[in-house]
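Peer 1: To start, I am sharing the structure in question, which I have written as structure tokens.
The values are calculated or read from the model by the stated rules, or taken from the named source; none is laboratory data. Just so you know, these numbers come straight off a predicted model, no measurement behind them. Note that we place each Cβ from the backbone using ideal geometry, even for glycine, and neighbour counts take in every protein chain shown.
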Amino acid sequence: MKIAIEQAKKILTSGGVIAIPTETVYGLAAWLFDEKAIRQIFSLKGRPAHNPLILHIGKKEECLRFCPVLPAGFNELTDAFWPGPLTLVLPIDSATIPAVARANLPTAAFRMPKHSYTLELLQSVSPLVAPSANKSGSPSSTRPEHIEHDFGADFPILDGDQCEHGLESTILVSNEGKWQIARLGALTAETIASVLGYHPLIADKNEAHPICPGQLLQHYAPKARLVLSKEAYNNCPQKLPYVLGFDNESYRGATKVYSLGSKNDPQLVSYRLYDLLRQLDDDNVTEVWVDIALPKQGLWEAIFERLSRAASR
Ligand code: TXA
Ligand code: MG
């Protein structure tokens, strides 16, 4: 059910949960200090309690309310990229943030999203916690129709059209004075390096002490089984009738090619990715061959990571 901003404010201030648009993917939002609504988000998504939520804020100064110390580089990064697809994990004063939102961690993740409707909403109700608006483990939602599919036609959605990027925000965490990438995303490592003056490394995925708990879970997966291959389709020993591929490539013998766009246009590929993964399920495809002979830099790194995670079960 599509709602306008005034109604969105009313629902959020009276204990409800709504879907909100951002430039990356849609989020399922509740007010940070409404623990009952936050628990409802976990239950709607089927999300494990140990996977913390991102706090969405309308002004970077709001971080000062929760974070006694801001790591070096905070101002440079936020001046350059907020509002925008960058999330920063920051040490907090834990008395200021309900434990349920941050899965009891001594840190919290913050981001200022770049969507005019959500920024307007954040002027009146802030911070909003918002995980991606999808069932846990499944592809994120980039259009209102995806949310209706996952949560029903009556679920309140602040309709902000199709998300500009289509991939989640990049998450950075500061480790011994250097920022590291805890989740690849819509903002590339190269772009971040242009501000930091060094290339942020990918943070260690230590299973015992994960920096970013959500990164250990199976994710972004449609019901269809994805078969990843770098081999040319024509040399592939096991030919599958369905292909998730690209324009201007030959997949001879395929019954149907779901095209993500051009290998020269990663922005368009990320814009389409989750919509196409969801379309496979709508078409009852059970197995699909995925062309992952992709460039190794920029946005392709995040696209490759999403496809790999979607394929792992
Ligand atoms: O683009 C986005 O970031 C979207 C939109 C809606 O803002 N949100 C999003 O939220 O992708 P979610 O919950 O689907 O993914 C958040 C990730 C999870 O992997 C979680 O483990 C991690 O952020 N995270 C949250 N708080 C954290 C913290 N304190 N330390 C480390 N990782 C954290
Ligand atoms: Mg998510």
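Peer 1: Specify which of the listed residues (Phe155, Phe151) is more than 26 Å from Pro266 (Cβ to Cβ), within 15 Å of ligand 1 (Cβ to nearest atom) and aromatic (Phe, Trp, Tyr).
Peer 2: Testing whether each residue is more than 26 Å from Pro266 (Cβ to Cβ), within 15 Å of ligand 1 (Cβ to nearest atom) and aromatic (Phe, Trp, Tyr) leaves just Phe151.
Peer 1: For residues that are more than 18 Å from Leu167 (Cβ to Cβ) and part of a loop (DSSP other than H, G, I, E, B), tally how many sit in the stretch 234-292.
Peer 2: Count: 19.
Peer 1: I'd like to check something: does the stretch 46-64 contain any residue that is surrounded by fewer than 16 Cβ atoms within 10 Å (Cβ to Cβ) and touching a Phe, Trp or Tyr at 6+ places or on another chain (Cβ under 7 Å)?
Peer 2: yes
Peer 1: On the basis of being more than 23 Å from Gly160 (Cα to Cα) and without any contact (Cβ under 8 Å) to a residue 24 or more places away in the chain, does Ala80 make the cut?
Peer 2: For Ala80, the condition - more than 23 Å from Gly160 (Cα to Cα) and without any contact (Cβ under 8 Å) to a residue 24 or more places away in the chain - is not met.
Peer 1: I'd like to check something: does the stretch 250-257 contain any residue that is closer than 25 Å to Asp150 by Cβ and either touching a residue at least 12 places away in the same chain (Cβ under 8 Å) or in contact with a Gly (Cβ under 6 Å, 6 or more places away or on another chain) (or both)?
Peer 2: Scanning the stretch 250-257 turns up at least one residue that is closer than 25 Å to Asp150 by Cβ and either touching a residue at least 12 places away in the same chain (Cβ under 8 Å) or in contact with a Gly (Cβ under 6 Å, 6 or more places away or on another chain) (or both).
Peer 1: Could you check how many residues of the stretch 166-206 are crowded, with 23+ Cβ neighbours inside 10 Å, touching a Leu at 6+ places or on another chain (Cβ under 8 Å) and over 13 Å from Leu88 (Cβ atoms)?
Peer 2: 3
Peer 1: In contact (Cβ under 8 Å) with a residue 60 or more places away in the chain and in contact with a helix residue (DSSP H, G or I) (Cβ under 7 Å, 6 or more places away or on another chain): does that describe Gly160?
Peer 2: yes
Peer 1: Here's a follow-up. Between a first residue in the stretch 234-246 that is on the phi > 0 side of the Ramachandran plot and a second residue that is in a helix (DSSP H, G or I), which pairs have beta carbons less than 9 Å apart while being 6 or more apart in sequence or on different chains?
Peer 2: none
Peer 1: How many residues does the stretch 1-40 contain that are more than 16 Å from ligand 1 (Cβ to nearest atom) and part of a strand (DSSP E or B)?
Peer 2: Adding up the residues that qualify gives 2.
Peer 1: Right, here's the next one. Regarding Phe74, is this residue closer than 26 Å to Ile5 by Cβ and either in contact with a Leu (Cβ under 8 Å, 6 or more places away or on another chain) or not charged (D, E, K, R) (or both)?
Peer 2: no
Peer 1: Go over the candidates Pro71, Pro83 one by one and state the one that is in contact with a helix residue (DSSP H, G or I) (Cβ under 7 Å, 6 or more places away or on another chain) and modelled with pLDDT of 95 or more.
Peer 2: After ruling out the rest, the residue left standing is Pro83.
Peer 1: List the residue pairs whose Cβ atoms are under 6 Å apart, where the first residue sits in the stretch 13-30 and is more than 12 Å from ligand 2 (Cβ to nearest atom), the second is of a type in the set (D, E, K, R), and the two are 6 or more positions apart or on different chains.
Peer 2: Gly15/Asp34; Glu23/Lys114; Glu23/Glu164
Peer 1: Still on this structure, I have one more. Suppose we filter the stretch 177-221 for residues that are modelled with pLDDT of 90 or more and either in contact with a Lys or Arg (Cβ under 8 Å, 6 or more places away or on another chain) or in a loop (DSSP other than H, G, I, E, B) (or both); how many remain?
Peer 2: 12
Peer 1: Quick one: in the stretch 122-146, of everything that is more than 25 Å from Cys63 (Cβ to Cβ) and more than 15 Å from ligand 2 (Cβ to nearest atom), which residue is surrounded by the fewest Cβ atoms within 10 Å (Cβ to Cβ)?
Peer 2: Of everything passing the filter in the stretch 122-146, Glu145 is surrounded by the fewest Cβ atoms within 10 Å (Cβ to Cβ).
Peer 1: While we're looking at this one, here's another question. Restricting to the stretch 54-76, what's the tally of residues that are under 22 Å from Lys10 (Cβ atoms) and under 17 Å from the mean Cα position of the chain (by Cα)?
Peer 2: Residues in the stretch 54-76 being under 22 Å from Lys10 (Cβ atoms) and under 17 Å from the mean Cα position of the chain (by Cα): 3 in total.
Peer 1: Mind counting the residues in the stretch 98-155 that are at positive phi and hydrophobic (A, V, I, L, M, F, W, C)?
Peer 2: The total comes to 1.
Peer 1: Can I ask one more? Which one is nearest to Ala37 (Cα to Cα), of the residues in the stretch 98-121 that are of a type in the set (Val, Ile, Thr) and surrounded by fewer than 24 Cβ atoms within 10 Å (Cβ to Cβ)?
Peer 2: Taking the candidates together, the pick is Val100.
Peer 1: Shifting gears a bit: Sort through Gly298, Gly245 and tell me the only one that's buried (at least 20 other Cβ atoms within 10 Å of the Cβ), more than 16 Å from ligand 1 (Cβ to nearest atom), modelled with pLDDT of 95 or more and among the small types (Gly, Ala, Ser).
Peer 2: Exactly one residue qualifies, and that residue is Gly245.
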